[in-house]
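Only one structure is covered here, and it is reproduced in the block below.
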Amino acid sequence: FSPVQPTQALGLLNSEFMNRQAEIFAARVREEAGHDLERQIRLGLYLVTSREPTKAEIKRGIRLVESLKAEEQASPEVALKYFCLMALNLNEMIYLD
């Protein structure tokens, strides 16, 4: 097991490729889950981790999207894209057991 180094995490978060993949992923989540934020978060986490997300994980995802909309004036689409970017950067996504 090799932990992600801070520079690796920043590289992934700032990568043009990963940001584009997050946009594509967010579009899929919107298409499959509709406009219900909880369903979007649940589906996004399920697709990334291949397991049912916990209630706490779903709540954290909802809080992230809601805070991006409230504090950063992000549109729902942009906020979901950044949630998807975060999900794609989870250790559970990057490393296989």
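Laboratory data are not the source of any read-out in this text; all were calculated from the coordinates shown. Model, not experiment: these values are computed from the prediction. Cβ: placed from backbone, ideal geometry, glycine included. Neighbour counts: every protein chain shown.
Descriptive notes on the structure:
- J(HN,Hα) series, the range 15-21, from Karplus relation 6.51 cos²θ - 1.76 cosθ + 1.60, nearest Hz, glycine and proline x: 5, 4, 4, 5, 5, 5, 5
- Rounded FRET efficiency, nearest 0.05, which uses the C-beta distance separating Y46 from S75 and R0 of 22 Å: 0.40
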